[in-house]
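Worksheet for the structure shown next.
The values are calculated or read from the model by the stated rules, or taken from the named source; none is laboratory data. Given the structure is predicted, the values throughout are model-derived calculations rather than measurements. Here the Cβ is made from the backbone with ideal geometry for all residues, glycine too, and neighbour counts use every protein chain on show.
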């Protein structure tokens, strides 16, 4: 198969993935996979719709939970490890950089108010936060800057 061909009818790139889909892909539902998915969808709609032409760099600590952002970016943008067009860049800052056709867009997540760690219901609260983030307006989740 010619990987530059965009005629595959099975891509599902325009499909909206559910919370259940994200949890199944990632192994659980957390805020960072949801955030990455929402970022990836935004970038495909507003910057570059072709995941064969786009590259993604997820700048984060390089460790979970921040690195979980990369799983969401993959499913939302279509940039994948297999195509070698996504990477995790260890950084003290949290942001995603996408490039396509000589252009760049930087997506900076807004602060996430996590529940207090150590609570007995922490896992449930994290899941609820992720559920809320799934339907929040994009402007509440992140800011985009076209370069």
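Within the range 70-127, the residues that satisfy the criterion of being without any contact (Cβ under 8 Å) to a residue 40 or more places away in the chain and part of a helix (DSSP H, G or I) are 70, 73, 74, 77, 122, 123, 124, 125.
For the range 33-44, indicate whether the set of residues that are within 10 Å of the chain's Cα centre (by Cα), at pLDDT 95 or above and more than 28 Å from residue 123 (Cβ to Cβ) is non-empty.
Initial filter on the range 33-44 (within 10 Å of the chain's Cα centre (by Cα)): 33-43.
Then keep just the ones that are at pLDDT 95 or above; that gives 33-43.
If we keep only those that are more than 28 Å from residue 123 (Cβ to Cβ) too, we end up with 43.
Among the residues of the range 33-44, at least one is within 10 Å of the chain's Cα centre (by Cα), at pLDDT 95 or above and more than 28 Å from residue 123 (Cβ to Cβ), which makes the answer yes.
Taken over the range 101-114, the criterion of being over 23 Å from residue 29 (Cα atoms) and in contact with a helix residue (DSSP H, G or I) (Cβ under 9 Å, 6 or more places away or on another chain) is satisfied by 105 alone. Among the residues making up the range 24-52, those that are surrounded by fewer than 19 Cβ atoms within 10 Å (Cβ to Cβ) and part of a loop (DSSP other than H, G, I, E, B) are 27, 28, 49, 50, 52. Residues to consider are 115, 90; find the one that is surrounded by 14 or more Cβ atoms within 10 Å (Cβ to Cβ), more than 20 Å from residue 21 (Cα to Cα) and over 14 Å from the mean Cα position of the chain (by Cα). It is 115. How many of the residues in the range 75-87 are touching a strand residue (DSSP E or B) at 6+ places or on another chain (Cβ under 8 Å) and surrounded by 17 or more Cβ atoms within 10 Å (Cβ to Cβ)? Looking only at that region, the number is 4.
Among the criteria (1) over 22 Å from residue 133 (Cα atoms); (2) assigned to a loop (DSSP other than H, G, I, E, B), the one residue 13 does not fulfil is (1).
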